[in-house]
Structures are given as C-alpha cells and as structure tokens.
Amino acid sequence: MDLTFTEEETALRAEARAWLHAHVPADPLPSLETEEGFAAHRAWEAELAGDRWSVVNWPREYGGRGASLIQWLLFEEEYYAAGAPGRVGQNGIHLLAPTLFDYGTEEQRARVLPPMASGEVVWAQAWSEPEAGSDLASLRSRATRTRGGWLLSGQKTWSSRAAFADRAFGLFRSEPDTEKPYQGLTYLMFDLHAPGVTVRPIRRLDAKPAFAELFLDEVFVPDEDMIGEPGQGWRIAMSTAGNERGLMLRSPGRFLASAERLRRLWAEKGSPESTKAHVADALIGARAYQLFTYAAASRFLDGERIGPESSLNKVFWSQYDIALHETALDLLGEEGELADTDWAERYVFALAGPIYAGTNEIQRDIIAERLLGLPKGRR
Amino acid sequence: MRFLLDIEQRAFRDSLDAMLGAADTPAVVRDWSRGEHARGRALWGRIAEAGVFGLAVPEAYGGFGLRPVELALAFVELGRHAVPGPLVETVTAAVLLMEPKELVSGETMATVAYGSPYALDGDAATVRLTLTPDGLFRSPGHGPVRPSIDPARRLTALEKGELLTSAPPIERALALARLTTAAQALGVGLTLLDKTVAHVKQRTQFGAPIGSFQAVKHQLADAKIALEFARPLVLGAALTLAPEDIAAAKVAACEAAYATARTALQLHGAIGYTAECDLSLWLTKARALRTAWGGPDECRAVVLSGGDRRW
Ligand SMILES: Cc1cc2nc3c(=O)[nH]c(=O)nc-3n(C[C@H](O)[C@H](O)[C@H](O)COP(=O)(O)OP(=O)(O)OC[C@H]3O[C@@H](n4cnc5c(N)ncnc54)[C@H](O)[C@@H]3O)c2cc1C
C-alpha cells in the first residue's frame, strides 16, 4: 500500500500544470448554460484538444495521450486547481465514449470520437422522458425499423446542454411487447438538427437554459448509429450509468479545488467560528473522496470491476457539493444572493446533484440491497 | 501508487480477526466493566503475541519499528471486536517511554492522561503516565475509578508524580494516539453496521423483515457511506502520518461511528437500549472514542491549520 506516484505519473502532472498555467483563461468564461458561454467553452475544448489535453486517458489514435487512470486523476487535480473551465463536452466524453469503447464498432469510434474530443460535436444524453425518470425502463419513445435504419418518435426531457448541443444518444423501445420493461430497448445516436427533431430549451432555477425537451417525429437514424445489437440497449446503458456515478463523472480534483477555494474564502472573511466546522468538513470530505477514488482506481487497475460501490460515490459527492456551496454562500452573506458569481453558479448546479445520475434515493436502495444484502421491498 | 492492502497486510488483519472472533470478547468486556481483569489480561497477552504492541516500538526494544498501516489495521480489528483496556494508551506510552520492552510483550499495561483529568483504566495499568506541555510524569498510583458512559472504560484521576523527561515526543505520541483511536472507532462503527444489518434482516414487523422497508434501508445506506469514506482516510493517514491527515481521519471515523451508533440503536428498537444486548458494548464506545484524544473541534482546527496546501 503506498501513496507515492511513479515518475511517469508525476511527469504528466507537471506537464499538465505547466500547460494549464500558460493557457487557462485569466477571466472565467461565461456560464456554459448560455449561448455565449457554450460557444466560449466549445472553443476551450478545441484549445485543450489541440495539445491533447481534452481526453488524456483515451488512446492516441482518437486524440488522447493513452494516459493511465491514475494519470487522469492527477490531470484532473491540476485541471481544477488551475481554475480551468467546466467541460461542456463531458456528457459525450464520460458517458458515450466509454460505451463506444466497450460496445461500439471500429467505424463508430473513428467517426464519433475525434470530433467529440475537439468539441466540434457536443453530445447530449437523451434518456429521461416525462413519464420515465427514476423508473427509466418504463420509457416509451419508439424506434421503428425502416430501410437502412430506424425512425424515432416520442419525447425526451431534461437533456443537459441539449439547448445548444449537436447530437444526442439515448434509449428507444424497439420491441413494444416484451415481458419486462427493460427488454426490447435499443441504444441509438441521433442528430439534434435532423428533420423531425424539435428542441425546446428548459430554464433551470436561475433561468438559464441548462437542459431541454426533445420532441421526435419520425426522425431517421441510419443503422450505423445504432450501438450494439437491437434490443440490448438496457444492458449497454447500465454499463454507462456505472461510469456516470462511478469514477469518471465527478473526479476528486474538482472537490479538492473547491474545498481549497472555500478555505481561502473563509480566511478572507476573517475565519469566522460559526462556519469553522463546515469548512474543515469540506477539506476532510475532499481528502476522503480523493483517497476513496485512489482505492477504487487501484482495484480497477488490478482487474476488478467497479460495481454497485459507485452508488457510494454518487450520494457522497452530491451531498458534499451542496454542503460546501451552502457554506460558501453563508460566508458571502448578502453578496451570496448575487446570481452572477461563480459561487452562485456552482451552488445552483450542486443543487441538482442528488437528482441526476440516478436520484440519491435510488442509490441508497442499491447500496442497501446490493452492498448490504437487505431484502428487496416495495419500491 | 497502489492504495490497496497487500497480501501480508490482509493476512495479518484476517488472522487477528479470527483470533479475536474466537475470544468471546463480549464476556471479556463485561468482566472488565466490573473491574475483573483476568480474562482481559489473558486476551491482552494474545494480542501482544500477535505482535500488535510491537508495531510502534523500535526493533532495538523488541518491536517491529513503526508500522503505522499495520497498526491501524490492528486497531480496526480491536474496535470491531470491542476489546477493552488501555490499548491506544499502551501504544502511546510505547512512543513516549525510552525503553518500552515490557510493553511489547504485553506484560505491562500503560495508561496516559493527556489534556484530561482522567486516564483510562488506571486501576488495570501498571505504568501510569501524565503528559503535559511541561513534560512526562509517572505516577505511583491512581484515584478512585469513575464510570465512563462506556462501562468498559474505567476512568481514574492520576497524580502527576515523578518527572521522567521534560521533552517528551508529544507530537509523535499524539499522532499515534489519534490514528489508533480513529482506527478503533472505524472498527466499532463497522461492527455496529454489521450487527444492525443482521438484526433488520431477521426482525419481522407488519409481516415483513424490517430491512425491506425503505426508511430502514436508507439509514443503513447512509451509515455505510460514512464508514466507507472514513476507511481510506484512516489508511491514508497511516501512510503519510501528517497531523492534518490524522486529524481528518479522527473526525471522519469518529463521526461515522457515532452516527452509525445512533442508527444502530434506532433500528434495534427497545432491545438496543438495554445493557443486556451485546450491541451496547459497541454503542457506548462510539460515543466515548469521539472525545478521546482530541474531540471533533480540536481535530478540525488541526485540519484547518494546514495552510495553503494541496492534498
Ligand atoms: C440538472 C439535471 C440534469 C439532467 N440531465 C439529464 C440528461 O442530460 N439526460 C437525461 O436523460 N436526464 C437528465 N436529467 C434527468 C434525471 O436523470 C432525472 O431527473 C432523474 O432520473 C429523476 O427522475 P425525475 O426527475 O422524473 O424524478 P422522479 O422519478 O419523479 O422522482 C421524484 C422523487 O421521487 C423519488 N422516488 C422515485 N422513485 C422512488 C423510489 N422507488 N423510492 C424512493 N424514492 C423514489 C425520487 O428519488 C425523487 O426524490 C437531469 C436532471 C437534472 C436535475
């Protein structure tokens, strides 16, 4: 058991630090949930990709550096410590890309991954529907066979970044009369600008169009945009969900940087006793999450699969993020009400953490049943 | 970087677990609480034989040198099995004393008072130390036993007594005391969770095991989360031995164990509120360990004092 990094690992850290120091914009970019901010963040993705910092752990042929999981974690620590912008491409990079690595064809990877890495094509996740939230398998949007592909019809909702994104990936019911709801689903990628697609942005709490509804009316999708086999969508999607909650979606680097920023804010405000415990707990939580992730990464590198333990992460980071940002707003006092600050933007984003990527109630069920072995009850 | 136990570490942990599992520790604890130390001393001897007390003692004195990861693993097991006695204090004394040979063998039990008027188990210990900023003192005797909220922890006042040294290694002693207390608390929490999971699977109400009710499941899921995030802090602190890492581990492990104790009590219902139920042996310890060797406030201050540093 050790916490020392190899020369190779620290070399990448040092290189990333130097590059970020030279390139991170001095002023924060406008919110990526606005049209202007989206464009600015897309340009940042291109800048990252230009020097292969966009997807460091991908193979070189798709624009990565072939970095190890540990190197990726160190890169992320540097990335957030440098105050670099949030990643507009993350739905594609963390959800679709791992799925394509596991289930996609060679052709799909070659076609989809490089423009994803460069931010030229930004992806949205189209899973949820108005009647299918926590009970995702009850989804009703259809994929009907047609010559050379599929026709998609139905409605998707809460699709993050879809207001400005280019393409989307999601699950569709291709066999209407299956015994179980999770059977007969097919995983497809589609163009948000294709004929038959209507995108209606939805404004979140602070009025920014952070997600969107998608109305699909006989949208044609060629066979080459199907991932895996027809009817196998659920299994494929669930492997992605593990990624979403598990290692990749929220790297510890982000929380280490936030905790450090909170500690500085606390010091600037004269180290008030009233928030001392919360600030200390933010530091402790970030360290706990970092070490927990190192342990998970070590097991992963030993060939173990990360299973239902990823639900532990999900509940932990989502609660952590809210607590940290509440403390920041408390410290800011009346300034904390101002909506156009970084802290407020992050606070509003944090509020959604316990809801998306599988609500925390659903995660607690998974922990209780699959990690503690408690009997299934009525949902 | 490989933040995983190696094979020897796992084997050491598992053998200690097996030995303690066979020792009927609940009976030992109950004796100890009444001031009957015979069975506790016998168990103590076996723990020493397993090498636990040698993990903080230089090889020249019969120890293994400082092996903090193994020490932390051992203390998780001692906590899991609710082993009574001044365990943390004996390790701490080993750091403080110049020739700690007798401590390694388990023949001697030591206790240490630090920042508190009371020392743990002064009646069972034969070496009684008081640690202050002015130095390390050895007292010949102890005051009357006062009951702790954890009946297995018998508290005694100490007189300062003879000055052993005016420059004891306070920092180092405190680091190990906190680390082992954190590990012990983590072990206490893990058992509280295990016992409660077992209970809710077999206790039936409204025609179903209570563990099938979501309100019950979610409390246990929260306990699991808190403990699983405390664990890497304890092991990480053992690796770095940085004071702020150790303080963070102490806060997280003790708070997780205490929150788990509250959940365990709630989910056991009235039976959990009795001294008859073995659960009580762990419940009360979770509360006591929280304040031992620097409570949450003191440890949080250490975390915050770390300066502009990146973990
Ligand atoms: C900011 C944000 C971004 C999102 N981005 C995307 C995206 O990009 N793509 C996408 O497809 N979706 C996205 N979502 C949708 C998200 O996945 C869903 O909101 C989530 O699955 C919950 O579904 P719901 O909102 O319909 O709530 P519901 O399922 O209606 O749940 C409401 C409440 O009931 C609780 N509940 C439901 N069932 C149970 C049960 N069995 N036991 C206990 N409690 C239960 C839930 O935990 C929740 O608290 C996003 C959501 C948010 C807030």
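The values are calculated or read from the model by the stated rules, or taken from the named source; none is laboratory data. Remember, predicted model here, so these are calculated numbers, not experimental data. All Cβ positions, glycine included, derive from the backbone under ideal geometry; neighbour counts span all protein chains shown. Side chains are part of the model used for accessible areas, which takes the heavy atoms of the whole protein and leaves out ligands, DNA and RNA. Shrake-Rupley method; radii C 1.70, N 1.55, O 1.52, S 1.80 Å.
Of all residues being open to solvent by 10 Å² or more (accessible area, probe 1.4 Å) and within 14 Å of B:Ala177 (Cβ to Cβ) in the stretch B:60-88, which is nearest to the chain's Cα centre (by Cα)? Just the residue, please.
Looking at residues that are open to solvent by 10 Å² or more (accessible area, probe 1.4 Å) and within 14 Å of B:Ala177 (Cβ to Cβ), I get B:Pro68.
Looking for whichever is on the phi > 0 side of the Ramachandran plot, of a type in the set (Gly, Ala, Ser) and without any contact (Cβ under 8 Å) to a residue 60 or more places away in the chain here; the options are A:Gly270, A:Gly336. Which one fits?
The conditions single out A:Gly270.
Output the residues belonging to the stretch A:98-120 that are within 16 Å of the ligand (Cβ to nearest atom) and either within 12 Å of A:Met189 (Cβ to Cβ) or modelled with pLDDT of 95 or more (or both).
If the condition is that a residue be within 16 Å of the ligand (Cβ to nearest atom) and either within 12 Å of A:Met189 (Cβ to Cβ) or modelled with pLDDT of 95 or more (or both), then A:Thr99, A:Met116 are the ones that fit.
Restricting attention to strands (runs of 3 or more DSSP E) lying wholly within the stretch A:87-173, give those where 2 or more residues are free of Cβ contacts under 8 Å to residues at least 40 places away in the same chain.
Hits in the stretch A:87-173: A:142-146.
Please state which one of B:Thr181, B:Thr196 is surrounded by 24 or more Cβ atoms within 10 Å (Cβ to Cβ), touching a Cys at 6+ places or on another chain (Cβ under 9 Å) and not basic (Lys, Arg).
That would be B:Thr181, the only listed residue that is surrounded by 24 or more Cβ atoms within 10 Å (Cβ to Cβ), touching a Cys at 6+ places or on another chain (Cβ under 9 Å) and not basic (Lys, Arg).
What is the one condition in (1) at the interface with another protein chain (Cβ under 10 Å from one of its Cβ atoms); (2) crowded, with 22+ Cβ neighbours inside 10 Å that A:Ser271 does not satisfy?
All conditions are met except number (2).
Within the stretch B:5-59, considering only helices (runs of 4 or more DSSP H) that don't extend past its boundaries, which have at least 3 residues that are surrounded by 20 or more Cβ atoms within 10 Å (Cβ to Cβ) and under 17 Å from the mean Cα position of the chain (by Cα)?
B:25-33, B:38-49
Just checking, how many residues over the stretch A:116-135 are under 14 Å from A:Leu48 (Cβ atoms) and surrounded by 17 or more Cβ atoms within 10 Å (Cβ to Cβ)?
Adding up the residues that qualify gives 5.
If you take the residues of the stretch A:274-283 that are open to solvent by 10 Å² or more (accessible area, probe 1.4 Å) and at the interface with chain B (Cβ under 7 Å from one of its Cβ atoms), which of them is nearest to A:Asp365 (Cα to Cα)?
For the stretch A:274-283, the residue satisfying everything is A:Ala277.
So, in the stretch A:355-379, how many residues would count as being within 14 Å of another protein chain (Cβ to nearest Cβ) and either in a helix (DSSP H, G or I) or near the ligand (Cβ under 8 Å from one of its atoms) (or both)? It would help to see each step written out before you state the result.
Initial filter on the stretch A:355-379 (within 14 Å of another protein chain (Cβ to nearest Cβ)): A:358-379.
Retained after the next criterion (residues that are either in a helix (DSSP H, G or I) or near the ligand (Cβ under 8 Å from one of its atoms) (or both)): A:358-371, A:379.
The total comes to 15.
How many residues are surrounded by fewer than 22 Cβ atoms within 10 Å (Cβ to Cβ), on the phi < 0 side of the Ramachandran plot and not charged (D, E, K, R) when one looks only at the stretch A:298-326?
Here the count works out to 9.
Out of B:Arg287, B:Arg300, which single residue is assigned to a helix (DSSP H, G or I) and either at the interface with chain A (Cβ under 8 Å from one of its Cβ atoms) or crowded, with 23+ Cβ neighbours inside 10 Å (or both)?
Matching residue, one of B:Arg287, B:Arg300: B:Arg300.
Tell me, which residue of the stretch A:200-220 that is away from the ligand (no atom under 12 Å from the Cβ) and either within 14 Å of chain B (Cβ to nearest Cβ) or open to solvent by less than 50 Å² (accessible area, probe 1.4 Å) (or both) is farthest from the chain's Cα centre (by Cα)?
A:Val219
Take B:Gly63 and tell me if it is touching a residue at least 12 places away in the same chain (Cβ under 8 Å), in a loop (DSSP other than H, G, I, E, B) and not aromatic (Phe, Trp, Tyr).
yes
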